[in-house]
């Protein structure tokens, strides 16, 4: 039987593969509306950081979130470096980082809520 930890690791790996495919393919995905790629970047890195935090819950929070922010910027830079037909965009990198930050704030909020509730009981 699969444990929840194994499911989270699988979801993190799937997120990593999808983001890698999207960022490093030769042509960018078709835009559904103006700046839809920014929304896709935000959602993708939010999913990556959410599933990653659940998969690696024993990792140091400072190390984990630092690595995720670093990935948000470096993956966008590498896209332009490794694909001749693509370019790096600071706006896309910011959308990546914003997706990570949103999930970070959600985890901080729930962690403080859980600790507050635990102290009351």
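FYI, it's all coordinate maths here, none of it is from the lab. In this text the structure is predicted, and so the values were computed from the model without any measurement. Using ideal geometry, Cβ is built from the backbone for each residue, glycine included, and neighbour counts are taken over all protein chains shown.
Model label sites at residue 13 and residue 91, defined 7 Å from Cα along the beta-carbon direction, differ in position by 3.6 nm. As a proxy for reagent exposure, ranking 51, 3, 16 by other Cβ atoms within 10 Å from fewest up yields 3, 16, 51.
Place a point 7 Å from the Cα of residue 5 along the Cα-to-Cβ direction; which residues of segment 51-68 have their backbone N under 16 Å from it? Under cut-off, by backbone N: 52-60. Legend: ranking of residues 109, 12, 73, 45 from fewest to most surrounding C-beta atoms inside 10 Å; resulting order 109, 73, 12, 45.
In degrees from 0 to 90, rounded to the nearest 10, what is the angle of the helix 36-55 Cα long axis to the longest principal axis of the chain? Computed tilt is about 40 degrees. Relative to the longest principal axis of the Cα atoms of the chain, helix 90-120 runs at roughly 10 degrees.
With neighbours defined as other Cβ atoms within 10 Å of a residue's Cβ, the residues 116, 25, 53, 86 order from fewest to most as 116, 25, 86, 53. Working from Cα positions, state the angle (0 to 90°, nearest 10) between the long axis of helix 61-82 and the longest principal axis of the chain. The two axes meet at around 10 degrees. Segment 66-110 and segment 1-39 have Cα centres separated by 13 Å.
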